[in-house]
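S.K.: Got a structure here, written out as structure tokens. Questions coming.
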Amino acid sequence: MGNKTAEKSRIDWMITLVPFILIMALAVYLFIFPENANGVISQVRFFFGDTLGSYYLIIGLGVLIVSVFLSVSKYGDIVLGEPGEKPKYNFFTWGSMMFTCGLAADILFYSFAEWVMYATNPHIAEMGGSITEWAGVFPLFHWSFIPWAFYLVLAVAFGFMLHCRKRDRQRYSEACRPVIGKHADGILGRIIDLFALFALLAGTATTFSVATPLMAEIIVTLFGITISRTAVTITILLITCAVYTYAVLHGFKGISFLAKLCIYLFFGLLILVLLIGGQGRFIIENGVQSLGKMIQHFVELSTYADPGRTNNFPQDWTIYYWAYWMVWCIAAPFFIGNISRGRTVKQTILGGYVFGVGSTIVSFVVLGNYSLGLQTAGAADFIAQYNASGDLYELIMNIVHTMPGSGLFLVWILLCMIAFYATSFDSIAYTAACYSYKKLGENEKPHTAITLLWCLLLIVLPIALVFSESSMNNIQSVSIISAFPIGIIMIIMIWSFIKDAKKYMKEKGIEKD
């Protein structure tokens, strides 16, 4: 009885219950008044994503510059742990957990078909050249260096807080303490943490809502199910919830096992497509060309804001993506920082770029250029199919059906997506459960009941969005709206880390006054 009372006294009920009440209220609103709710979301998204869109572009490029600075500066030699400590995980295990916690199953959804959405956008024609030249560039740009810079810079800030300063409040507000001081314990700290948790739930909702209908489409195709895609999607959400709940309750051992399994499935799929899809030469050559073109035009792509609103391309895509990655920065960097003990700041950032960015680029190069190669050769017209139906899920199914042994590919893709979801959301549930505690030591684990609460809460808003049949635009809007305050908090966190790291180096004699 005494242990239960002590456990309850450690729980921050405001941080735990307020997001729960807000998400439940929003879910009920989406269930009861879906059209009205989607209209309100669109209006709010327009203000943040259109009127204030440059804010996201500036933060994206700024954080990338900071990541380079931290890697080459004196701060890069700081060990996330005791000086001289060695990493707990080898590079492959560490990279697998990092990659799968940072990217959910939507990487497969977008890898297959994102180029088609760009190819139909008027901005491609404005840039000159062929569809082949540019349609493969933007997926690499939107999923590589800036997104992973968000993750990795905050990961070293969290890792420093946990392993060097050994702070027992595992929250955003605690990472801001060197700048905001005692206010981390007051109302400002509470506001920061509430924004963080709401953004976490919003990012989860966006990811689940985008990719699970593809899983439903695969299941309907494989088993000839006659019920609606929505019903199958919601069933999949509940099953996935059960899988990641089981994994997170078994701690990091369960998470690392799922992460490695996911990586084997993921790269196995890419190798199969490359070897037997019949587009190997085009995949490699256009992939190399697109990567080179992306690097060549990187600053231009990073700052393009379309001030005349001739195409709304950055508002629809680049700004959405930076916001999307920003809301995912609540859980992924915290988890990456947690598993990076024993690595230096430089090793964490550069290793993250090698494994994280490298794996992401390979996915888009192989899966995207497979279908782009068929389009270029005239063997299929996926652009016309998309223009006719506007259904990306149907389009992806058509792409997969062009592969030899497409049934096997569908099963493999389904297993891979389940593994991705499980490995992403077990780390998210773990992070959210840590947030519920006023204090939690570095080696302490959240109580099972609190972890279960967050496992269930993570699934509520995605189900509501799927049920209300929100458009892709409105699903994106949830992330754009939630990311706005997170950008400000990220700046404070980075400032805090640099300030505290400089002090730490002086204390350890690494840097002289």
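The values are calculated or read from the model by the stated rules, or taken from the named source; none is laboratory data. Quick caveat, the model's predicted, so the values are computed rather than measured. Cβ: placed from backbone, ideal geometry, glycine included. Neighbour counts: every protein chain shown. Heads up: the accessible areas ignore ligands, DNA and RNA and are worked out on the full protein's heavy atoms, side chains in. Shrake-Rupley method; radii C 1.70, N 1.55, O 1.52, S 1.80 Å.
S.K.: Filter the stretch 110-138 down to the residues that are assigned to a helix (DSSP H, G or I), modelled with pLDDT under 85 and either more than 16 Å from Leu301 (Cβ to Cβ) or open to solvent by less than 10 Å² (accessible area, probe 1.4 Å) (or both) and list them by number. I'd like the intermediate steps shown before the answer.
M.R.: Initially, the stretch 110-138 is screened for residues assigned to a helix (DSSP H, G or I), giving 110-119, 122-127, 131-135, 137-138.
From the residues that got through so far, the ones that are modelled with pLDDT under 85 too are 125-127, 131-133.
Scanning the stretch 110-138 gives Ala125, Ile131, Thr132.
S.K.: Among the residues of the stretch 280-323, which ones are among the polar types (S, T, N, Q) and assigned to a helix (DSSP H, G or I)?
M.R.: Selection gives Asn286, Gln289, Ser290, Gln296, Ser302, Thr303, Gln315, Thr318.
S.K.: Would you mind telling me which numbered condition in (1) touching a Ser or Thr at 6+ places or on another chain (Cβ under 8 Å); (2) of a type outside the set (D, E, K, R); (3) closer than 24 Å to Tyr246 by Cα Leu415 fails?
M.R.: Of (1) touching a Ser or Thr at 6+ places or on another chain (Cβ under 8 Å); (2) of a type outside the set (D, E, K, R); (3) closer than 24 Å to Tyr246 by Cα, only one is false for Leu415: (1).
S.K.: Among the residues of the stretch 231-248 satisfying the criterion of being at pLDDT below 75 and open to solvent by 40 Å² or more (accessible area, probe 1.4 Å), which is farthest from Thr451 (Cα to Cα)?
M.R.: Val243
S.K.: Could you identify the single residue in Ile180, Ile191 that is open to solvent by 10 Å² or more (accessible area, probe 1.4 Å), farther than 30 Å from Val460 by Cβ and in a helix (DSSP H, G or I)?
M.R.: Answer to the check: Ile180.
S.K.: Consider the stretch 123-157. How many of its residues are farther than 17 Å from Ile65 by Cα and not aliphatic (A, V, I, L, M)?
M.R.: 11
S.K.: Among the residues of the stretch 78-88, are any assigned to a helix (DSSP H, G or I) and touching a residue at least 12 places away in the same chain (Cβ under 8 Å)?
M.R.: Within the stretch 78-88, none of the residues are assigned to a helix (DSSP H, G or I) and touching a residue at least 12 places away in the same chain (Cβ under 8 Å).
S.K.: Still on this structure, please answer the following. When Ile330 is evaluated against the numbered criteria (1) crowded, with 21+ Cβ neighbours inside 10 Å; (2) out of contact with any His (no Cβ under 9 Å at 6 or more places or on another chain); (3) not in a loop (DSSP other than H, G, I, E, B), which criterion, by number, is the only one it fails?
M.R.: Ile330 satisfies every listed condition except (3).
S.K.: If you don't mind, there's one more thing I want to ask. Looking at Ser42, Ser73, Ser54, can you tell me which residue is open to solvent by less than 50 Å² (accessible area, probe 1.4 Å), at pLDDT 75 or above, farther than 29 Å from Leu453 by Cα and polar (S, T, N, Q)?
M.R.: Ser73
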